[in-house]
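Trainee: Please see the structure below; I have some questions.
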Amino acid sequence: MFYKEWIKTRWALLFILIVTCGYVGYELLNFLRAIGAMGGAHIWIAMITKDEPMFVRHLQYLPMVAGIALACVQFFPEMYHKCLKLTLHLPCSHLRMMFQMLGFGLCALLVCFGLNYLILWLTMRSSLAPELYGKMLLVALPWYLAGFAAYLLSAWIILEGSWARRIFNLVVMFLCLKVFYLSSFPDAYVPFLPCLIVFVLACVLLPWISIDRFKKGIE
Amino acid sequence: MENVIECINLTHYYGKRKIYENLSFSVPKGRILGLLGKNGTGKTTTINLLSGYLQPRSGECRIFGQNVQTMDPALRKQIGLLIENHVQYQFMNIEQIERFYARFYPGQWRKEAYYELMKKLKVAPGQRISRMSNGQRSQVALGLLLAQNPELLILDDFSVGLDPGYRRLFVEYLRDWAHSEGKTVFLTSHIIQDLERLVDDCIIMDYGSILMQCPLNHINDGFHRFHCQLPERLSDVPAPLLNDKQFYHPALSLTGELELYSFLEKDEVEHRLQAMNIPHGPLSIDNLDLEDAFIGLTGKY
């Protein structure tokens, strides 16, 4: 199953990896340029007094877009001419196959987002105090969780056979994702992060609803 | 004889539209059975019910004795499925798709059967399936089914989009494989000539029910078209003819020629016409191919 998912998504994955890392790199160049122009001390003071996610703010929708893009690349070909029938006809448990497909996508996003975080961390730790760059990484965490949620919710929508239900799912997805963007105030999400993680994990079961409806021939 | 497929009292509706009610049929092991029916009679619905992608309102489909809705996934190794339009993973090429499927069928996968068929295709091994013609895609799908070497094949409208050459290649490969290895095949096709070359038995579906299930030679040898000139100009087919269940779709042409189809012998038809007091000229009898027989059984419209 991983082989099929890899063949299907490898170029898109490379593209998503380059775009997300490139965008993170671009934002970090701005950060380094600001340090060079105004000096580290000035930036530190600005970050403490303004108490807002400078430099990483523009990244907030990037993981969500990456998650939606990966879901599209991975699941639209399955629905093209109802190709999913081929997958479901393979001699394996349907639930296991679904988890393998989603597991592949989640792992791919984890690698991509992990690399983004690594780049952020390696660059910022050379110029900022641990408290400052820790805050920035914490601010970005709900956005990256939104990337995973967007991937799973998009899979739920794409695998759905009925257009009316797809639109309903789309509205639910929009409302769910809104929860990840309620505030960009540092530490705002800290007490709520475990709930967000549980929510993302629970989203893994949603595509099963669509697959089950597909198996019943609901269109 | 052991039945590989058993459909028992199937009832299915799309919304409020009834497709069929209490439909039952079975497919014995080692037979090639073709499902014939006009558009909208439920052929694809039957295939979808059999392959487990549709839940009937009532009744059940059993394959190898197991209900398709709750079937052990491992049993799907013995069922080959060809989806309408020869759908396969478009993003793979010939080699990748073979490598992918081979891992699911350890011990039964016949790589050489697949590549033997692929040699006939004039495509590079790295060419993606999405860039192939319908005919080439059909050969890839057939090659994968032959490599899987299942005990049962279910084919949904295998001839759709194929030119005569590819259709013939498909039919011949399939027939030789099924007969030489004693496999069971259940299929539908819009091209009745293809079915005639391929199937042992057929089920003819009408709207809402099965018209008949019988060996193909029962139709080829026993079903005939009769026609005769009626001396009187009639505006309608005589009522007794319409009521006799032994006659299928009696019709009058504009020139006053009576045409009817039946499994009866010529003498018996003659006798019945006389008994109904229908004066007529000499009665002619035509042998029919399957397509004509299908029209005779189901009507032109």
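Derivation of every value follows stated rules applied to the coordinates shown; laboratory data play no part. The shown structure was predicted, so the numbers you read here are calculated from the model rather than taken from an experiment.
Trainee: What do you get for Rg/Rh over the protein assembly as shown if you use C-alpha atoms and the Kirkwood form of Rh? Don't skip to the end; give the middle numbers.
Mentor: Numbers: Rg = 31.6 Å, Rh = 27.3 Å.
That ratio is 1.16, to two decimals.
Trainee: May I ask you to compute the full-extension gain from B:Ala102 to B:Asp206, defined as 0.36 nm times their residue separation minus their alpha-carbon distance, rounded to one decimal in nm? Let's see the in-between values first.
Mentor: On the way: separation 104, 0.36 × 104 = 37.44 nm, distance 3.96 nm.
Full extension from B:Ala102 to B:Asp206 adds 33.5 nm.
Trainee: Right, next: How high is the relative contact order of the stretch B:223-298, in percent, with contacts defined as C-alpha pairs under 8 Å that are six or more residues apart?
Mentor: Numbers: 116 pairs, mean separation 34.9, N = 76.
Relative contact order for the stretch B:223-298 comes out at 46 percent.
Trainee: With bins 5 Å wide starting at 0, give me the P(r) of the stretch A:59-191 over every alpha carbon pair, in whole percents.
Mentor: Going out from 0 Å in 5 Å bins, the stretch A:59-191 shows 2, 10, 17, 18, 18, 13, 9, 6, 4, 2, 1, 0 percent.
Trainee: Here is a further query. Return the Rg/Rh ratio of the stretch A:178-219 with Cα-based radii and a Kirkwood Rh. Please report the intermediate quantities before stating the final value.
Mentor: Working: Rg = 15.6 Å, Rh = 12.5 Å.
Reported Rg/Rh (Cα atoms, Kirkwood Rh): 1.25.
Trainee: From the P(r) of the stretch B:142-301, can you give the percent of Cα pairs sitting at distances over 19 Å? All intermediate terms of the calculation are to be shown ahead of the outcome.
Mentor: Working: 7729 of 12720 pairs.
Roughly 61 percent, once rounded to a whole number.
Trainee: Moving on to the next point. Going by the alpha-carbon gyration tensor, a ≥ b ≥ c the square roots of its eigenvalues, is the stretch A:1-61 rounded (a/c under 1.5) or, if a/c is not under 1.5, prolate (a/b greater than b/c) versus oblate?
Mentor: Verdict is prolate for the stretch A:1-61.
Trainee: On to the next question. Would you mind estimating how fast the stretch B:223-298 diffuses translationally, via Stokes-Einstein at 25 °C and 0.890 mPa s with the Kirkwood radius over Cα pairs, in µm²/s? Numbers along the way, then the final one.
Mentor: Details: Rh = 12.4 Å.
Answer from the Stokes-Einstein relation: 198 µm²/s.
Trainee: Over the alpha-carbon set of the stretch B:123-167, work out the extent along each principal axis and list the three values in angstrom, largest first.
Mentor: Between the extreme Cα coordinates on each principal axis of the stretch B:123-167 lie 31, 24, 16 Å.
Trainee: Quick one: what are the phi-derived ³J(HN,Hα) couplings along the stretch A:116-123, Karplus 6.51/-1.76/1.60 with θ = phi - 60°, whole Hz, x for glycine and proline?
Mentor: With coefficients 6.51, -1.76 and 1.60, one gets 4, 5, 4, 5, 4, 5, 4, 6 Hz.
Trainee: State the dimensionless ratio Rg/Rh of the stretch B:27-148 (Rg: radius of gyration of Cα atoms; Rh: Kirkwood radius). Intermediate values should be presented prior to the final figure.
Mentor: Values: Rg = 16.2 Å, Rh = 16.2 Å.
Rounded to two decimals, Rg/Rh equals 1.00.
Trainee: Enter the Cα centre distance for the pair the stretch A:1-75 and the stretch B:84-108, rounded to the nearest angstrom.
Mentor: Computed from Cα coordinates, the inter-centre distance equals 36 Å.
Trainee: Of A:Lys8/B:Lys18; A:Lys8/A:Lys216; A:Lys216/B:Lys111; A:Lys8/B:Lys122; A:Lys8/B:Lys77, which sit over 30 Å apart, Cα to Cα?
Mentor: Values: A:Lys8/B:Lys18 39 Å; A:Lys8/A:Lys216 26 Å; A:Lys216/B:Lys111 33 Å; A:Lys8/B:Lys122 24 Å; A:Lys8/B:Lys77 24 Å.
As for pairs spanning more than 30 Å Cα to Cα, those are A:Lys8/B:Lys18; A:Lys216/B:Lys111.
Trainee: Something else: Would you calculate the volume per residue, in Å³, of the smallest convex hull containing every Cα atom of the stretch A:98-164?
Mentor: On the way: hull volume 5.5 nm³, N = 67.
Per residue, the Cα convex hull of the stretch A:98-164 comes to 82 Å³.
Trainee: Moving on to the next point. Before anything else, pin down the relative contact order of chain A: Cα pairs under 8 Å, at least 6 apart, normalised by residue count, whole percent.
Mentor: On the way: 215 pairs, mean separation 63.0, N = 219.
Relative contact order of chain A: 29 percent.
Trainee: What does the convex hull of the alpha-carbon atoms of the stretch B:4-63 project to on average, in nm²? Intermediate results must be reported in sequence, preceding the final value.
Mentor: Values: hull surface 15.8 nm².
Mean orientational projected area (the stretch B:4-63, Cα hull): 4.0 nm².
Trainee: A follow-up question, please. Using Cα pairs closer than 8 Å and at least 6 residues apart in sequence, work out the relative contact order for the stretch B:3-219, in percent. Intermediate results must be reported in sequence, preceding the final value.
Mentor: Numbers: 409 pairs, mean separation 63.5, N = 217.
Dividing the mean separation by the residue count of the stretch B:3-219 yields 29 percent.
Trainee: Follow-up. Note the per residue figure in Å³ for the convex hull of the C-alpha positions in the stretch B:3-219. Show your work: numbers first, answer last.
Mentor: Values: hull volume 26.2 nm³, N = 217.
Expressed per residue, the convex hull around the Cα atoms of the stretch B:3-219 is 121 Å³.
Trainee: Can you return the lysines within cross-link range of A:Lys135? Criterion is Cα-Cα under 28 Å, with same-chain partners fewer than 8 residues away left out.
Mentor: Hits, sequence-local ones excluded: A:Lys50, A:Lys178.
Trainee: Treating the angle as unsigned and between 0 and 90°, give the value, to the nearest 10°, between the Cα long axis of helix B:134-148 and the longest Cα principal axis of chain B.
Mentor: 70
Trainee: May I ask for the equivalent-ellipsoid semi-axes of the stretch B:107-230, computed as the square root of five times each C-alpha gyration tensor eigenvalue and listed largest first in whole Å? Display every interim value, and only then the final one.
Mentor: On the way: eigenvalues 213, 61, 32 Å².
For the stretch B:107-230, the semi-axes come out at 33, 17, 13 Å.
Trainee: Can you compute the radius of gyration and Dmax for the stretch B:160-220, using only the Cα atoms, both in Å?
Mentor: When restricted to the Cα atoms of the stretch B:160-220, Rg and Dmax are 12.6, 35 Å.
Trainee: Ordered by residue, what ³J(HN,Hα) values in Hz, to whole numbers, does the stretch B:83-90 give under the Karplus form 6.51 cos²θ - 1.76 cosθ + 1.60, where θ = phi - 60° and Gly and Pro are x?
Mentor: 7, 3, 6, 6, 4, 9, 5, 5
Trainee: State which entries of B:Lys29/B:Lys119; A:Lys4/B:Lys183; A:Lys4/A:Lys85; B:Lys16/B:Lys245 exceed 26 angstrom in Cα-Cα distance in the structure shown. Each step should come with its number before you reach the end.
Mentor: Numbers: B:Lys29/B:Lys119 31 Å; A:Lys4/B:Lys183 29 Å; A:Lys4/A:Lys85 15 Å; B:Lys16/B:Lys245 30 Å.
Exceeds cut-off: B:Lys29/B:Lys119; A:Lys4/B:Lys183; B:Lys16/B:Lys245.
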